Amino acid sequence: MVEVEKIREEARRLLQEGQVRGVIGYVRGPQGVWAVPAMIRNPEDVDRLVWNPTCVHNLVLFVVEEKKEQARQKEPDKRPLAVVVKGCDSRAINVLLQEKFIEREEVILLGVSCENSGVVDKKKLLNLVPSQKIEEIVYGNNGHIVAVIDGERRVFPPEEVLADRCLECQANFPVVYDHFFGEKIKKEAINTSPGVDKIEKMRLEERRRFWEEELSRCLRCYACRSVCPMCYCTECVVDPISFAVEPTTTAEEKAKKIKWIEKSPLLSENFVYHLVRAIHLAGRCVDCGECERVCPEDIPIRLLNKKLEREAWRLFNYVAGMDSQAPSLFSTFKETDPEDFIR
Amino acid sequence: MEKVLKKSDLGQWVARLKDFDLYGPVRENNHWEFNQISQLANFPEDYTQVNVPLKKILLPNREVLFQFEDNRNGGPYLQEVLPEEREVVVFGVRPCDARGIVLLEKVFSSEIPDIYFERRRQQVYVVGLSCYPLPGENCFCLSLGGGPFSTKGMDILLTKMQSKYFVEVLTPKGEKLIKAAPEYFFNPTDKDQQERQQLERKARAMFTRQIEGVEKIWPVLSQMFESPLWREESYRCLKCGICTYLCPTCHCFDITDEISSTAPLQGKRVRVWDTCQFPDFTMHSSGHNPRPDKASRLRQRIMHKFLYFVETFGDIMCTGCGRCVSKCPVGIDIIDILNKVASHGA
Amino acid sequence: MNSEHEPKIVAFLCKWCSSAGSDMAGVSRLEYPSNVIPITVMCSGSVSPLYILSAFNLGADGVLVSGCHPGDCHYIKGNMYARRRMALLKELLPYIGLEPERFQMSWVSAAEGLKFTQIIKEFVKQLKPLGPQTQLRRSL
Amino acid sequence: MRKKIGVFVCHCGINIAGTVDVKKVAQELSEFPGVSYTVDYVYMCSDPGQNLIIQKIKEEKLDGVVVACCSPNLHETTFRRAAQSAGLNPYECEIANIREQCSWVHKDKDKATEKAIKITKGIVEKLRWNEPLQPIKVPVTKRALIIGGGIAGIQTALDLANSDIEVVLVEKNPSIGGHMIQLSETFPTLDCSQCILTPKMVEVSKHPKIKLYTYSEVQEVTGYVGNFQAKILKKPRYVDPDKCTLCDECTQVCPVVVPNEFDLGLTGRKAIYIPFPQAIPATYTLDIEACPGVLPIACGKCWDVCEPKAIDFDMKPEIVEEKVGAIVVATGYDLYDKKNMAEYGYGKYPDVLDGLQFERLLSASGPTRGKILRPSDHKEPKEIVFIQCVGSRDPELHNKYCSKICCMYTAKHAKLYKHHVHDGQAYVFYIDIRAGGKGYEEFVNRTMEEEGVLYLRGKVSKVFEENGKLVVWGVDTLAGQDIEIRADMVVLAMAIRPSSGAEKLAKILKAAQDTDGFFAEAHPKLRPVESLTAGVFLAGVAQAPKDIPDTVAQAGGAAIKVVSILSQPELLHSPLVAQVNEHLCTGCSMCVDVCPFSALSIVEGKAKVNEVLCEGCGTCAATCLRSAIEVKNLTHLQVHDMLTASLGGLK
C-alpha cells in the first residue's frame, strides 16, 4: 500500500534541500474529496499532498507546461521538477524522453503503484451514490475502493467504480522512476479493450453510425487535446491561426497557415480532427485515458487511440512508452512489416 | 396566470403542440441534452440539468451569416442567410438557464440587435422546470439573485408536485401554449399554492454552495487585476473551452469564411463559438498576445462576468448553474474563487 | 443509380516509380478511366496521413498512394516508412466506418504502366457501387 | 502579393489536342484566380513555342508559368530554361502533365478535358506558393578516390591523374592489377594481357598525381559530393617496401605453403610472398593468417634471413584519412561460388576448372609455364569440354543475368587450346552465342571454322569421373539427341558476381545495389556510370558484367564524370531541399531517424538540414508531427491547395 506520508517525506526533503524547484502532485480540491493537481513549492505545503483513488490526472501534462514556461523565462530555474507518476503517467514520461522533449535529469519521478486497483471513474461512482456527500475515498483490500459516505464505509469492487482504462491496464506501476512507493503487483487485465472489440464486431454501417452519433456531439472545446501530455506541439494542425509568429513575420508568411479543417464543429470536421489526433498519437498514446475523462460530451475518444494501440502491437509489436531509447513507431520500420494491404 | 396540470395530462398537452418543434431533455451516454423530441410524457426522475445549455438553440455553435460568390460578371454577390423560420418549444429549462437568456438578450437584443439571435429568440418558447430537488451539487444561483423557482426568461414555469404540475404562465407566449389545450389546465387550489410554496422553501434550504456577500465582489475585483490569486488558481487550468462552452451566458464567437469553391469563389461566412480560455483568442496578427497565460485568461473569465458586465449592463453575467465547476476536469471552482475574492475585500 | 456515380480519386504518385509508371501507361497508350487526378510527390514516404484525410475532407471518393516497390525506392527507404504509416491508417479508416476500398496503396514501378492502369480500373470499379463518400467530406 | 501566372496549353500536334479540348482548358484556366494570361499553341516545345512563352513572360509581366504539356521528365528543363531566359526564376515554371497522364490514356474528350483542367489548376495552385530558388553552391575538393585497382580502377586513375586531378587509389589485395593481370591473352586480338596491363600498372605507381594504397580497404565515408572524407584501413604487410630488395630469400626459408590466390589454388605460395613477379608495389607481404606467428619464437626464419631487415613484425593496422571530392567504385567481380556448381564436379574433380584457372594454365607465367596440363596428372588433355553459362541465365537456381564475357573467353580458350594441343578436340556447350562486339563474331566463327572446335547447343546436366575420364552428359538441342563426352578436362564459364565486399561498400557509400548485387546506376541508359549517390561513380564490372574494352570505356566515362564535378569551382545542388520551421520544431529527432541521407541533425534543440546531403524526398515532412519540416516548393500548403483545386470544390 502506498503510504502518502512517505511521498510527503520525500517531497519535503527535496524541497528543503533545494534539489527541486517544485513538486507536482495531488492535493484535495475545492470540491471536497476530489483531488486536483497542484505544484508544491514550499516544504511547509507538502502536507497538502494526497494519494487516493481520485488522483486521476496525468501530471506529466504539467511537466510539459513547466518546460514550456521555463523556455520563455529569461533566467530559467534549471533545477529539476519532482512529479508524482502512476504507471501510465510514467510511460508518458518515457515518450517525452524518447522524443527528447525533456531530459531525464529534468524530472525526479515519485512513482506510485496503483497496485491491484486504479483510479475512480467519477461518473461511475456518482451513478451509484448520486447525491450523497462523499467524505473520503480510499483504497481497500484487493483493489476495492472504499467511499466514506455520511460517516459510513461503503466498499465497491473495482469493476464497478474504476476507470475503464484502469480495468484494462496491464502495467499498473511505473516503468521509470526515481523513488517508488507501494508494491509492484502485476495485474492481469481481462481484456485490453472490450470497447474496441465491440466496434470491430460491428458492421461497417453500424460503426459509421456509432461514430457519427458520438462525434456529432463534439463541441471542439479541445479539452481532449489540452489535457494530453503528448499534444505538446506549439501549434496544432487544426488551429486556425499561426502561433509561430514574431514581429518580423511577414503577412505572406502568415497567409501560409493551412486551414486543414474548419473551426465549425461540423460532423465532417469533427471526424477529421479526431482522426488526425488519433494518428498523431499512434505509438505515443500511453492510455492514461484523460482525453476521455475530460470530455464534457462523454465521447469515447479512447476507443480511437486504443484501436491504434492494438494495431501497433499486432502489426509492429510496438507498445508506447516502454522504452525511452527505442525509435518511435513511425521513425523506424522493419523489412518484414506487413504489406498484404498493398497492391 | 397560475394553473395546475395533472401529471398524466402533460403528454396530452404536448401532443397538441403540433405546430412547434419540440425540444426536451434526452439522456445521452452519461448526461442530458436538449434534443428534438416528438412527445413528452413526463420529466424523468433522474433528470438534473442538460449539458449544453439553451444557448445551443439561441446562439448555435455555427451560425451562417451570409453566403458569398465572386461572380465574374456581376462582381461579388452576397446573400443574407437568416435562421429558418420555425417555432420551438423547449421543455425542462432550469431557471438558471432561462436567466441566461435574459443576460444574452442584454448583449444581443439591446441597442443594436443581432438579427440572428433576435429571430431565434422570438421563435423560442421556454417552458421551465423548477428545481426541487436541486439538479446539481454545485448549484449556487441563490447567491446571484436567482433561485430554484426563478421565472426570469421563461414563458411558463412548471413545478413538479405530488400529482400535478403547478403551472405559472408568465407571458403571452406562455398563454399561447396553454391555449393549445385549455381543457387540461385548471385553476390551482389553495392547497396547490401551499404545496408549491413549501417546495420552494425546501429547495432554497438545500443549497450547500454559496458566495458570501456577492455585492462585495465587483468593487473588490476592480482592485485585483494584479492579484497573485489568478496565477495560483489557474495553475492547473488546461486551457480547454469546457467552462465557457457549457456556460449559459458566455457568448464569445469567431467569424470565419468557409470556402466551398475557389474558382469561382463561393462560400459562407459563419459565426462559431470561441472562448477567452483558448490561447489564440486574443492573439494579435503581430504575434503579440495580451493575455499570454492561463492566469490572465482565468482573470478575464471572472472579471468579465463579475466586473465588466456589471459595469456595462448592470448585471452579473453568471446564473449560478454550476456547470463550469462540475465539468472542469481539474476542479477549478468559480465559487471557491469568488469567495476568495470576497474575502480579499473583507 | 449508384452505378452512375463517377468517383473522384486522388492518386499520390511518387515521382520516380509510380508517376513514371503512369507516364509509361501513357506512352503505351493504355486506356483507363479518367476519374483519377494524379498528384506527383517526390516519394511515397512524403505522403502524410493528413494529406489522405484532407483529400477525403475536400471531397475525394477514393485516395491512392503509390510508391516504388520495396528495395527500389529512389530514396532508398522512403517507401518503407510510408508502408508503416499507411498500414495504420488503413486499419483506422474502416474502424470509423469508411469503406476499406476507399483508401488503397500500391507499388508501381516505372515499367509497370500496365499494372498502373489495372489498379486504376479496379479502383474505379470498386468505388462506383459505393456512391459518393460523405462521411469525411466537408458539408457546408 | 498574388503572382501573375501564365498558363500555356500545348496541343502537342494531335497528341493532346486530339483528346483534350485545349481551347477549353485555356478558357477555364483564364478564369482561375491568379491566372492572368492563357494561350494554347500547337507545339510549345518548338522554338516558336518557347519564344511565345518568353515573349509573354515579358509582355504580360508574368511571375510564374505553367506549361500544360507532356511529362515533366521530358520538357521541364526546356521550359525552365526558356522561363529563365525571359528573366524568370526557373522554379517559377511548372509542368502540368496532360499528355502521358491524360490525353494518351483517355478517349472520352469531355472527361479528358475535365481532368486536364483539374490537373492544370492543381499545378497553378502549387506554383502560386513556389519560391524562387537558387541552386545550392558547394565547395569542391579536387581529389578523387578510386576503390579497386583492377583495369577499371587503373584506367580511371590514369585518366584522372592525366587530367591533373589527384587520385587516391585503394586496392584490397597486395598488388593492383585485378583479374586482368591473371589473364593470358585477351579476345578478340589475342594480345598478351600482362604485356598491355603492366605498363599501366607501372604508370600508376610512378604517377606523381596518384597516391596508391594497396592491401587497404575503405572503412568509412562521410560527407557529400565535393567533400567526402574517407577513412582507409591499411592492413599491415609486415614488410617495409622501401627496405625490401626483392631478393626472395624469405620465401625460400618460409616453411608454410598455402594455396596461391593468383593461380586460383593451382599452385601454392609461402606465408610470405609476392603475389606475382610484376606486382605493384613490388614488395612482399606476410600473410598473417598463414604465418605460424609473428613472434620469432614461433618461427621467424624469414626475419633471420632478411638482410636489409625489411621484415617488421610490429607493424600495426593503420587508418589514414583522405579528403576527396568524388569517388569511383571499381570493385570488379568474383567468380560464382564453386559450391553452387556441385553437379559439374567443380571443386570435387581437380580437372574441372573454371575459366580463370584455365587462363592461368594458358599463361606463360602460370603454374604450367603455359602448357595445358591436367592438374591431376599433368597430362595433356586430348578431349576438353567447355561449358558456358555456368550459373548465369538461370533464374530458378542461380543468377538470372548473362555474365556477358563468357561466350568470348570460351571461344578464346578453345582457340588457344587448339594452338597448344593441335591434336586435341574441344567441345563447347552453349545456350546462345553472344558475340556482339567489334570483331567478336568473326573471332567466334574462326574458332569454330579454323580450329574445328565443336559447338554444341545445349546444356550439360552432369559431369562425373569414371576411369580417369570426366564423363559429360549433355544434350544437343539442335540435333535433338543426348550426348556423352568422355573428356580429360572440363572448363566451366562460371558466372561472375559482384565482388564480395560490394555489399559492405554499398552501405559505406550509401550507394544502392541492384537486385543482383551490382551497384545500381542512376539511369540504365542515360546515366550508366553514375550511382544514385551524388559524387559516387561506377566503373567496370562493379556496375554490371562487361569485358575489358567496355570496362576501359566506362572507366574513361567515370573519369570524365569526375572531372566534370572536380573541374568546377563549386558544385550546384538542387535547392529543392527540406527546410525547418524553428518555431514549430521541438527537436524530437524523428526526422533525423528517418532521413535516408543522414542530412538532418539536431543542433541546439532544433532540426537542421544539411542542404547538400538532402535529396528532397520529404520523408521527414510526413514523419514530423508538427509540420515543422517541409520540402521547398512542395509544402503541405501546396499539397493542400493542389487537393482543393484538383477536387474542384465541395459543391
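Points to keep in mind about this one:
- Filter result (among the β-branched types (Val, Ile, Thr) and within 33 Å of the chain's Cα centre (by Cα)) within the stretch D:559-601: D:ILE560, D:VAL562, D:VAL563, D:ILE565, D:VAL577, D:VAL592, D:VAL594
- Some residue of the stretch C:34-49 being surrounded by 24 or more Cβ atoms within 10 Å (Cβ to Cβ), within 9 Å of chain A (Cβ to nearest Cβ) and farther than 25 Å from A:CYS236 by Cα: no
- For the stretch A:270-290, the criterion of a residue being surrounded by fewer than 24 Cβ atoms within 10 Å (Cβ to Cβ) and over 29 Å from C:MET80 (Cα atoms) is satisfied by at least one position.
- Residue check, D:VAL66 out of contact with any Leu (no Cβ under 9 Å at 6 or more places or on another chain) and either surrounded by 19 or more Cβ atoms within 10 Å (Cβ to Cβ) or over 15 Å from D:VAL7 (Cβ atoms) (or both): no
- Of the listed requirements (1) hydrophobic (A, V, I, L, M, F, W, C); (2) part of a loop (DSSP other than H, G, I, E, B); (3) surrounded by 22 or more Cβ atoms within 10 Å (Cβ to Cβ), B:VAL270 misses just one: (2).
- Scanning the stretch C:127-140 for residues that are touching a helix residue (DSSP H, G or I) at 6+ places or on another chain (Cβ under 7 Å) and within 11 Å of chain A (Cβ to nearest Cβ) gives C:LEU130, C:GLN133, C:GLN135, C:LEU136, C:ARG137, C:ARG138, C:SER139.
- Leading residue by the ranking (farthest from C:GLY97 (Cα to Cα)) among those in the stretch A:218-251 that are at pLDDT 95 or above and charged (D, E, K, R): A:ARG225
- Given (1) touching a Phe, Trp or Tyr at 6+ places or on another chain (Cβ under 7 Å); (2) outside any helix (DSSP H, G or I), number of the condition A:SER90 does not satisfy: (2)
- Residue ID - surrounded by the most Cβ atoms within 10 Å (Cβ to Cβ), chosen from residues in the stretch B:3-51 that are in a strand (DSSP E or B) and more than 25 Å from the chain's Cα centre (by Cα): B:VAL4
- Of everything in the stretch B:258-279 that is within 11 Å of chain D (Cβ to nearest Cβ) and of a type in the set (S, T, N, Q), the residue that is nearest to B:ASN71 (Cα to Cα) is B:GLN266.
- Those residues of the stretch B:54-88 which are at positive phi and touching a helix residue (DSSP H, G or I) at 6+ places or on another chain (Cβ under 9 Å), in sequence order: none
Table: residues versus (1) within 25 Å of the chain's Cα centre (by Cα); (2) part of a strand (DSSP E or B); (3) of a type in the set (Gly, Ala, Ser).
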residue: B:GLY153; (1), (2), (3): yes, no, yes
residue: B:GLU168; (1), (2), (3): yes, yes, no
residue: B:GLN198; (1), (2), (3): no, no, no
residue: B:MET206; (1), (2), (3): yes, no, no
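- Residues (in a loop (DSSP other than H, G, I, E, B), among the hydroxyl-bearing types (Ser, Thr, Tyr) and within 23 Å of A:GLU212 (Cα to Cα)) located in the stretch A:249-297: A:SER264
- Residue match in the stretch D:246-266 (condition: outside the structural domain of D:PHE358 (by TED's automatic domain parsing), within 30 Å of D:VAL609 (Cα to Cα), β-branched (Val, Ile, Thr) and modelled with pLDDT under 95): no
- Qualifying residue in the stretch A:101-121 (condition: out of contact with any Leu (no Cβ under 9 Å at 6 or more places or on another chain), under 30 Å from D:GLU604 (Cβ atoms) and part of a strand (DSSP E or B)): yes
- On the stretch given as the stretch B:229-262, residues that are of a type in the set (A, V, I, L, M) and either in a helix (DSSP H, G or I) or more than 25 Å from the chain's Cα centre (by Cα) (or both) total 3.
- Listed by first and then second residue, the pairs linking a residue in the stretch A:218-244 that is away from chain D (no Cβ under 11 Å) to a residue that is in a loop (DSSP other than H, G, I, E, B) and among the aromatic types (Phe, Trp, Tyr), with Cβ atoms under 8 Å apart and 6 or more places separating them unless they lie on different chains, are A:TYR222/B:PHE278; A:VAL238/A:TRP260.
- When D:ALA607 is tested against the conditions (1) more than 30 Å from C:ILE9 (Cα to Cα); (2) surrounded by fewer than 23 Cβ atoms within 10 Å (Cβ to Cβ); (3) of a type in the set (A, V, I, L, M, F, W, C), the lone failure is (2).
- Check on D:ILE57, away from chain C (no Cβ under 14 Å), crowded, with 21+ Cβ neighbours inside 10 Å and in contact (Cβ under 8 Å) with a residue 24 or more places away in the chain: yes
- Which numbered condition B:MET283 misses (of (1) over 23 Å from B:LEU338 (Cα atoms); (2) modelled with pLDDT of 95 or more): (2)
- Test: residue in the stretch D:391-400 that is assigned by TED's automatic domain parsing to the domain that holds D:VAL490, more than 24 Å from D:HIS179 (Cα to Cα), of a type in the set (A, V, I, L, M) and outside any loop (DSSP other than H, G, I, E, B): no
- Selection status of B:SER296, surrounded by fewer than 17 Cβ atoms within 10 Å (Cβ to Cβ) and small (Gly, Ala, Ser): no
- Of all residue pairs spaced 6 or more apart or on separate chains, those with beta-carbon atoms under 6 Å, a first member in the stretch A:312-339 that is more than 20 Å from C:GLU91 (Cβ to Cβ) and within 12 Å of chain D (Cβ to nearest Cβ) and a second member that is surrounded by 14 or more Cβ atoms within 10 Å (Cβ to Cβ) and among the charged types (D, E, K, R) are A:PRO327/D:ASP593.
- Residues that are within 37 Å of the chain's Cα centre (by Cα) and closer than 21 Å to D:LEU373 by Cβ number at least 2 in the following strands (runs of 3 or more DSSP E) confined to the stretch D:452-525: D:489-494.
- Near pairs, Cβ below 9 angstrom, 6+ apart or cross-chain, from the stretch D:394-423 (closer than 23 Å to D:GLY436 by Cα) to any residue that is part of a helix (DSSP H, G or I) and among the basic types (Lys, Arg): D:ALA411/D:ARG446; D:LYS415/D:ARG446
- Filtering the stretch D:71-82 to residues that are of a type in the set (Gly, Ala, Ser) and assigned to a helix (DSSP H, G or I) leaves only D:ALA82.
- Output for the stretch D:11-70, where each listed residue is in a helix (DSSP H, G or I) and acidic (Asp, Glu): D:GLU28, D:ASP47, D:GLU59
- Taken over the stretch D:206-220, residues that are buried (at least 20 other Cβ atoms within 10 Å of the Cβ) and free of Cβ contacts under 8 Å to residues at least 12 places away in the same chain amount to 0.
- The lone criterion from (1) within 27 Å of A:SER216 (Cα to Cα); (2) under 13 Å from the mean Cα position of the chain (by Cα) left unmet by B:LEU103 is number (1).
The values are calculated or read from the model by the stated rules, or taken from the named source; none is laboratory data. Computed from a prediction, not measured in an experiment: that's the story for all the values here. Reconstructed Cβ throughout: ideal geometry from the backbone, glycine too, with neighbour counts over all protein chains shown.
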